[in-house]
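Computed from the coordinates by the stated procedures, all read-outs in this text should not be read as laboratory data. Just so you know, these numbers come straight off a predicted model, no measurement behind them. Cβ placement follows ideal geometry from the backbone for every residue including glycine, while neighbour counts extend to all protein chains displayed.
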Amino acid sequence: MKRKALTRICLSLSLALLPAMLTGCTFGFASDPDDPNEEVREEPIDTSTDTFQYDPSLSGTNITLLNSKAEIQVALEKMSAEYESRSGVHVEVMPVTDGDSPYTKVVSLYNSGNPPTMSILDTTDVIALAEEKAADLTNEPWTAEAAGYLTEVNGKIYSFPLCIEGRGIIYNRAAIEETLGEPFDPASITTLADFTALLDRLTAAGMERPLSLAKEDWSLGAHHLQYIYETYNGTSEGAQEVIGLIKSGQFDLTAYPRMNEFLDAFDVLKKYNVSAKDPLGADYDEMAIDLADGKTAFWFNGNWAWPNLSEAGAENEDAYGFLPYFMNDDPNDFVNQKIQASPSKQVMLDGQMASDKEQAAAREFLNWIVYSEIGQQMLVKTCNIIPPFQNNPYEPSDPLSRDIYAKVHEGEAFNSSAIVPNDHWAVLGAAMQKYLADRSDRQELINAIQSYWNEQE
């Protein structure tokens, strides 16, 4: 940890002068707002082999891609330029500007009569727009490669899953081992009691508060709170089932086991939070520095946090990874064995106003991402994305994404996405902030959750 001391000093000074850099997807998986000025570090691409069959009749076609994943804006521009050099199809990448939600932006473009050919959207937005605006992608060949990561609307596929993102409790193995003076095996922690005991040992060994807990509403209202839906049975269908039960009033949230287990887990995180004295004054970038420096050992977050950790001095060869969001003391409960990992951004193809040729060019571009040697590489190496496609042989380079990738492929992740209204994280994130700051109790928080769903149609 000593090697990062100077980094900490320098970054603390610079971060005090710069706006917070928050990167990643939205829909409950990433920080908001995204940083449009951050360029993803990339690996070199081998362009010597290209067996993809391009349709020469599409050369000269111009199509557009609305991008709401701001941190890959530059990467997408490079990808589209490479595709154009081989296909003759020009793909203009249009960023969603700061302050606009993806849904609001795409709707406004439809209302103006000039919608994008393709739009990178959150899953909730795709579902809301699909049947009215989107082209049917059910019979596209890449659907076979994305089995388990497809979003269906009334039995049809209207979106292309762009990336997988996962979240859980990030650990810094070096910080744990240096503090305890012994090797750390993440697999040895299998229950909430195990995790609490580890936190107690770290505290006793001199790490005053071993964990960072973000105060942002997107983190509390989406990343944390959505566990009460996602862990119902570990499936997206189950998440929607429990939401339906809550909305209909058929559920007593006070007696719902996952509700209380979630609060038990969150209370542990609260207790050991490095910012426990002022939890709503916590600084996101400072948390990255604390973890990289070894002031803390854990940070609840997702693989999108790597740019922040890298900026704080963490290196690709460092031993970072994820623990599950432990919710009880049953080592056989899937929630204590696996981390949540799901497709977080989807590409919707306009089926309302795009010409047949534009649609054909867009379909080819998506197939190029999945099936061309170059597209496969650029998705992972240039965009720094965890691919949802089984045929993509490339692994991400940073430790957090590598760990998610490994867990997905080894069956140590569960794919459950809760489809919630766009204001869910703002409204209930505020309720969670009150609970985090001890300005409300469990029952008040549960009442706020129930009241929110009672107001939904």
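Using a cutoff of 8 angstrom between alpha carbon atoms and counting only pairs six or more residues apart, the relative contact order for the chain works out to 27 percent. Considering all alpha-carbon pairs of the range 161-214, what whole percent are spaced by more than 12 angstrom? Beyond 12 Å sits 71 percent of the P(r) for the range 161-214.
The tail of the calculated P(r) for the range 120-186, taken as Cα-Cα distances beyond 16 Å, holds 60 percent of the pairs.
Distance between the pseudo-spin-label points of Glu455 and Ala193 (7 Å out from Cα toward the beta carbon): 4.1 nm.
Legend: P(r) of the range 50-92 from all alpha carbon pair distances, 5 Å bins from 0, whole percents, reading 5, 23, 28, 21, 14, 8, 1.
Translational diffusion of the range 91-205 was estimated from the Stokes-Einstein equation, with Rh taken as the Kirkwood radius over Cα pairs; at 4 °C and 1.567 mPa s the coefficient is 70 µm²/s. Working from the Cα coordinates of the range 313-393, the gyration tensor eigenvalues give, after taking √(5λ), semi-axes of 36, 19, 11 Å in decreasing order. P(r) tail, the range 175-250: Cα-Cα pairs separated by more than 16 Å, 67% of all pairs.
Take the Cα of Glu131, step 7 Å toward its Cβ, do the same at Asp330, and the gap between the two points is 3.6 nm. Applying 1/(1 + (r/R0)^6) with R0 = 51 Å to the Cβ-Cβ distance of Lys247 and Ser59 gives a FRET efficiency near 0.50. Distance between the pseudo-spin-label points of Asp46 and Ala319 (7 Å out from Cα toward the beta carbon): 3.1 nm.
Each of His224, Pro44, Ile127 was placed along the dipole of the chain (beta-carbon charges, centred on the mean Cα), and the one lying farthest toward the positive end is His224.
Based on every Cα atom in the range 205-281, Rg and the maximum pairwise Cα distance Dmax equal 14.9, 49 Å.
The Stokes-Einstein estimate for the chain, based on a Kirkwood radius over Cα pairs and taken at 4 °C with 1.567 mPa s viscosity, is a diffusion coefficient of 57 µm²/s. Pair-distance distribution of the range 273-354: all C-alpha pairs, bin width 10 Å, starting at 0; shares per bin in whole percent are 14, 33, 31, 14, 8, 1.
Both radii were evaluated on the Cα set of the range 241-394; the Rg over Rh quotient, with Rh as the Kirkwood radius, amounts to 1.07. Taking 30 Å as the limit for the C-alpha separation, the pairs Lys78/Lys345; Lys133/Lys215; Lys105/Lys381 exceed it in the case of Lys133/Lys215. By the helix-only formula, in which each DSSP H run with n ≥ 4 contributes -39500 (n - 2.57) and the sum is divided by residues, the chain has a 222 nm mean residue ellipticity of -11500 deg cm²/dmol. For the range 421-436, the residues whose amide N sits under 19 Å from a probe point set 7 Å from the Cα of Lys271 along the beta carbon direction are 435-436.
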